[in-house]
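**Student:** Have a look at this one.
Read-outs: derived from the displayed coordinates by stated rules, not from any lab. Given the structure is predicted, the values throughout are model-derived calculations rather than measurements. Positions of Cβ are backbone-derived with ideal geometry, glycine not excepted, and every protein chain shown enters the neighbour counts.
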């Protein structure tokens, strides 16, 4: 039995070149096909529509973020105003408390002075004997 003899290197090289040429022709024919051009145009239109939707979403997102920032600023202003009013009320309460304490201290001093004067008068009366 003799062994199998494959094609010589030149034959293999020419077969490979022919296969490459056939593939190139097939690719060129496919790129000229109107169905491929139509699919490419469809893909391009879909991609442009997708980009437009993304841009719309981004714009809506920016508008929403601006609204949130405005609401946060409004809430901060209201909180600051409430804090100022609370501080004013606390200051008023503190002033009233100081005034009440001063009035109480004056009343206590007057009562103490009255007791002292009564004691002095009683002592003076006891000394005189009448």
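**Student:** Give me the extension gain from residue 116 to residue 77: residue separation times 0.36 nm, minus the current Cα-Cα distance, reported in nm with one decimal.
**Tutor:** 8.3 nm
**Student:** Moving to a separate point now. For segment 78-109 and segment 6-75, what is the centre-to-centre distance using only Cα atoms, to the nearest Å?
**Tutor:** Cα centroid to Cα centroid, the span is 74 Å.
**Student:** Same structure, new question: Quick check: residue separation of residue 93 and residue 56 times 0.36 nm, minus the Cα distance between them. What number comes out in nm?
**Tutor:** That pair, residue 93 and residue 56, stretches by 7.8 nm at full extension.
**Student:** When the expected Rg is taken as 2.2 N^0.38 Å, what fraction or multiple of it is the alpha-carbon Rg of the chain? Write out the running numbers ahead of the final one.
**Tutor:** On the way: Rg = 52.1 Å, N = 130, 2.2 N^0.38 = 14.0 Å.
Taking the Cα Rg and dividing by 2.2 N^0.38 Å, one obtains 3.72.
**Student:** Kindly provide the helix-only [θ] at 222 nm of the chain, computed as the sum of -39,500 (n - 2.57) over DSSP H runs of four or more divided by all residues, to the nearest 500 deg cm²/dmol?
**Tutor:** Working: 2 runs with 118 residues, N = 130.
The helix contribution divided over the chain gives -34500 deg cm²/dmol.
**Student:** Another question, then. Treat the count of other C-beta atoms within 10 Å as a stand-in for reagent exposure and order 4, 116 from fewest to most.
**Tutor:** On the way: 4 5, 116 10.
Exposure proxy ranking, most exposed first: 4, 116.
**Student:** Quick one: angle between helix 9-31 and the longest Cα principal axis of the chain, in degrees between 0 and 90, rounded to 10, please.
**Tutor:** Once rounded, one gets 60 degrees.
**Student:** Still on this structure, I have one more. On a 0 to 90 degree scale, rounded to 10, what angle separates helix 34-128 from the longest Cα axis of the chain?
**Tutor:** Around 10 degrees separate the two axes.
**Student:** Could I ask something else about it? I want to verify the translational diffusion coefficient of segment 1-74 in µm²/s; compute it with Stokes-Einstein, Rh as the Kirkwood radius over Cα pairs, at 20 °C and 1.002 mPa s. The partial results should precede the final answer.
**Tutor:** Working: Rh = 18.4 Å.
Answer from the Stokes-Einstein relation: 117 µm²/s.
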